[in-house]
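Novice: Have a look at this one before I ask anything.
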DNA sequence: AAATAATGACTGACCAGTCAGTCAAATACG
DNA sequence: CGTATTTGACTGACTGGTCAGTCATTATTT
């Protein structure tokens, strides 16, 4: 009965990016190399697919899932509406694929960045930079906002996101924190028990920016630094 | 052109609650109540209005603004669709009024609770209890989730919420924290500069519960306690 | 009886998804 | 090589269904 809530078909082989870690594989208008890595036809087709995804991100993040018109997505991607259905089964699949393509690559970066035994403070400094530069200042911020805002009405999306992102991220962070705790860099095991508290200011900043930035902007970087300063022990008194 | 994104008429004089602190005020419409206790007719009308608001909360928080059908709201409220339009100008007004009625009264509680010179730890303990009992374990949690999820596409809502809630809450919290800092209960002024960090775990918990509770529930109370423990200085060793 | 409240069938706009038809690229053939 | 044939990506008008908002009619007060 509900239009949005249905479970959507199996995620399939998840044709993500395979190789590079962070950058989204945007092969925007590559000049048609006539000899071929791939036939000119397939290339053009892939370009279109990307254009549709890009347009979809714009529309979905401006209007939300339910209120987005595929006619608008098509117009923005400079494509006929029917073309969308050659690449994606339906509106919902398009939405899910969008999330998958944008978010997938980021997790690996985090996993690599935090799988180290540098002092916690150094790791967090690096994480702040990665977060600000690769998420907060890019369209990925909008993707995350989309997950937060559409997720509650999108069980399939929430589940995918939990499986592919949250559980991995949480595991990684928890392990990192446990090691830091054993090294005496944390006053309590509170962070180990509630790893959500580490990224909390990032989440809050994303929400805040979507709602209240025009009234009172936040300095994410400074806020995250301040937060981490409080969470980490004074590092054995001077 | 967009259906949802339009700016909505001026919020008006914000006829909120006046008197009691926490419980939602029934009888929003200015009931003259001249002679008898309350005209049976007016009372019935007010009941309907409330029923509509209650039903609207259910539907909106289950489906989101755009995907909610007023036919469903009407059915759930046991009322004909036309009746909704006797009480609210349109779908958007209904939505805004819902937020207004549910959230208005809570702010006062916070303002009162934190306008004290108890030790910060005691205040926060009390705030945790209030938050958990009056927000997290009630439908107000859903209202807040609605603001977070629909706000980005609802400039008028975000503005109302900023003016009536956020700015007041932030001012109150900031003042409280400044006093605590002057009393030496805080290690740094970080919290004074970023008061958002105090309620951060509450926000995160609300989002988390809407997305991932079925995979991995959070203990809000414990998480907030853990968080506050880290933020507050070790309170002059015992 | 007049006034007020409530109803629910109806309208018109809107939009996801379809499909018969078009055409450029790929392939087969002379 | 040039020409004929096939393929399949792409198009956009169209359909069927949905739903916000209206209003003539009916019910309930006073």
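Novice: When you check residue A:6 against the structure, is it within 16 Å of DNA strand D (Cβ to nearest atom) and either assigned to a helix (DSSP H, G or I) or at pLDDT 95 or above (or both), yes or no?
Specialist: Criteria not met by residue A:6.
Novice: Residue check: is residue B:230 surrounded by 21 or more Cβ atoms within 10 Å (Cβ to Cβ) and part of a helix (DSSP H, G or I)?
Specialist: no
Novice: Here's something else I'd like to know. Go through A:211, A:186, A:146 for me and flag whichever is assigned to a helix (DSSP H, G or I) and more than 7 Å from chain B (Cβ to nearest Cβ).
Specialist: None of the others qualify; the one that does is A:146.
Novice: Let me ask you something else. I need the full set of residues from the range B:65-88 which are more than 9 Å from DNA strand C (Cβ to nearest atom) and within 16 Å of residue B:46 (Cα to Cα), in order please.
Specialist: B:88
Novice: Also: Quick one: is residue A:60 more than 13 Å from DNA strand D (Cβ to nearest atom), within 22 Å of residue A:140 (Cβ to Cβ) and assigned to a helix (DSSP H, G or I)?
Specialist: Yes; evaluated as a whole, the condition is true for this residue.
Novice: While we're looking at this one, here's another question. Restricting attention to the range A:66-104, which residues are within 14 Å of DNA strand D (Cβ to nearest atom), surrounded by 21 or more Cβ atoms within 10 Å (Cβ to Cβ) and either within 14 Å of chain B (Cβ to nearest Cβ) or not in a helix (DSSP H, G or I) (or both)?
Specialist: Hit for the range A:66-104 is A:73, nothing else.
Novice: What number goes with the only condition from (1) crowded, with 19+ Cβ neighbours inside 10 Å; (2) touching a residue at least 60 places away in the same chain (Cβ under 8 Å) that residue A:200 does not pass?
Specialist: In the conditions (1) crowded, with 19+ Cβ neighbours inside 10 Å; (2) touching a residue at least 60 places away in the same chain (Cβ under 8 Å), residue A:200 misses (2) alone.
Novice: Then there is this: Being surrounded by fewer than 21 Cβ atoms within 10 Å (Cβ to Cβ), more than 9 Å from chain B (Cβ to nearest Cβ) and closer than 30 Å to residue A:55 by Cα narrows it down to one of A:195, A:217, A:119, so name that one.
Specialist: So the residue among A:195, A:217, A:119 that is surrounded by fewer than 21 Cβ atoms within 10 Å (Cβ to Cβ), more than 9 Å from chain B (Cβ to nearest Cβ) and closer than 30 Å to residue A:55 by Cα is A:217.
Novice: Another question about this same structure. Got a sec? Which of A:223, A:170 is closer than 17 Å to residue A:137 by Cα and free of Cβ contacts under 8 Å to residues at least 40 places away in the same chain?
Specialist: Among A:223, A:170, only A:223 is closer than 17 Å to residue A:137 by Cα and free of Cβ contacts under 8 Å to residues at least 40 places away in the same chain.
Novice: Moving on. Take the conditions within 14 Å of another protein chain (Cβ to nearest Cβ), away from DNA strand D (no atom under 16 Å from the Cβ) and part of a helix (DSSP H, G or I) and apply them to residue B:112. Does it pass?
Specialist: No.
Novice: Just the residues that are more than 11 Å from the chain's Cα centre (by Cα) and free of Cβ contacts under 8 Å to residues at least 12 places away in the same chain, please, taken from the range A:144-167.
Specialist: Correct list: A:151, A:152, A:158, A:159, A:162, A:163, A:167.
The values are calculated or read from the model by the stated rules, or taken from the named source; none is laboratory data. These numbers were taken from a predicted model, which means no experiment stands behind them. Virtual Cβ from ideal backbone geometry, glycine too; neighbours counted across all protein chains shown.
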